[in-house]
Amino acid sequence: MILDLVCILFVLGGLLFFTGGSIGIIRLPDFYTRMHPAGKLDSMGSLLVIIGLFLYILKIPNLLNVLTGLKIVLIAVFVYLSSPTATHCIVDAAMRAGLEPWRK
Amino acid sequence: MWDFFLYCGIYLSLVMLLPMYRVVLGPTVFDRLMGVNAIGSKTVVLLLLIGFIYQKPDMFVDISLAYALLNFIAVVAISRFFYKRRRL
């Protein structure tokens with residue numbers, strides 16, 4: 001019961017971060033400023049939802065569920081390696097292609 | 001708990017419509033690329049939630065991991081193309 005409640009709290013926090021990132025992608029004025037919510041809040045929301053699902057699947061700890069939980073943690077590690085790399089690649093390509101930053 | 005995962009999946013697929021606006025109407029091509037990256041990182045989590053809805057998370061975890069790899073490779077390939085081309 002307590003484990004279910006903790007899982008629900010983690011998943012709802014992750015969905016909150018996803019909502020903030022999507023609203024930032026709509027509202028901000030420039031490509032370089034839009035890159036900020038797209039890069040940060042997506043990786044944080046993914047981490048929180050994945051922690052919640054990992055706690056939920058370890059409620060019945062047999063061998064199959066433990067292996068699936070390890071794969072879910074592997075997804076979290078890969079997201080934390082790949083999301084900043086992809087963000088840096090897009091911004092570097094935009095700077096090299098000559099996209100002007102936003103001025104007031 | 002099944003209802004909770006179902007409603008979370010529906011809400012996440014509604015949230016994915018907001019970067020879709022930026023993909024369709026983005027002023028430059030980099031806005032579209034950023035929207036595709038945001039939709040892909042949400043889809044990884046959505047596939048995990050679908051696995052818990054169908055009570056088979058051991059199958060959908062593999063699909064989600066493969067989708068994360070594919071999304072990363074696609075974004076890096078397109079941005080390297082514009083890096084070498086040096087113009088929009």
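Here are the numbers:
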| item | result |
| --- | --- |
| Residue among A:PRO61, A:VAL49, A:PHE31 farthest towards the positive dipole end of the protein assembly as shown, charges placed on Cβ | A:PHE31 |
| Cβ charges +1 (Lys, Arg) and -1 (Asp, Glu), total dipole of the protein assembly as shown, debye | 880 debye |
| A:THR85/A:LYS59 FRET efficiency (R0 35 Å; Cβ-Cβ; nearest 0.05) | 0.55 |
| Kirkwood estimate for chain A, i.e. one over the average of 1/r between Cα atoms, Å | 15.5 Å |
| Axial C-alpha extent at least 18 Å, average Kyte-Doolittle at least 1.6 - helices from chain A (DSSP) | A:2-27 |
| Estimated dipole of the stretch A:2-97 in Debye, rounded to 20 [Cβ of Lys and Arg +1, of Asp and Glu -1, Cα centre] | 40 debye |
| Quotient of Cα Rg and 2.2 N^0.38 Å for the stretch B:2-85, N being how many residues it contains | 1.25 |
| Efficiency of FRET between A:LEU70 and A:VAL6 - r from beta-carbon atoms, R0 22 angstrom, step 0.05 | 0.65 |
| Crossing angle, helix B:2-15 versus chain B [Cα axis fit, 0-90 degrees, rounded to tens] | 20 degrees |
| Furthest towards positive pole of dipole, A:ALA94, A:LEU9, A:VAL79, structure part chain A, Cβ charges | A:ALA94 |
| For chain B, size of Cβ-based charge dipole, Lys and Arg +1, Asp and Glu -1, in debye | 760 debye |
| Listed residue pairs exceeding 26 Å between alpha carbons, taken from A:LYS104/B:LYS42; A:LYS40/A:LYS104; A:LYS40/B:LYS56; A:LYS59/B:LYS56 | A:LYS104/B:LYS42; A:LYS40/B:LYS56 |
| Label point distance in nm, B:MET59-A:PHE78, each placed 7 Å from Cα along Cα→Cβ | 1.9 nm |
| Proximal aspartates and glutamates relative to A:LYS71, as straight alpha-carbon distance under 19 Å, when same-chain residues fewer than 8 apart are discounted | B:ASP58, B:ASP62 |
| Most mobile of B:LEU25, B:LEU12, B:LEU33 in a GNM of chain B (Cα contacts under 10 Å) | B:LEU25 |
| Filtered trypsin sites (Lys or Arg not before Pro), the stretch A:33-66: DSSP coil and at most 12 other beta carbons within 10 Å | A:LYS59 |
| At R0 = 30 Å, FRET efficiency that the Cβ-Cβ distance of B:ARG87 and B:SER13 yields, to 0.05 | 0.25 |
| Estimated vicinal HN-Hα couplings, Hz - the stretch B:17-22 in sequence order (Karplus 6.51, -1.76, 1.60; Gly, Pro = x) | 6, 5, x, 5, 4, 6 |
| Dimensionless Rg/Rh of the protein assembly as shown - Kirkwood Rh, Rg from C-alpha atoms | 1.01 |
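Each reported figure results from applying straightforward, stated rules to the coordinates on display, with no laboratory input. This structure is a prediction, so every number in the text was calculated from the model and none was measured. Ideal geometry is used to build each Cβ from the backbone, glycine not excepted, and the neighbour counts take in all protein chains shown.
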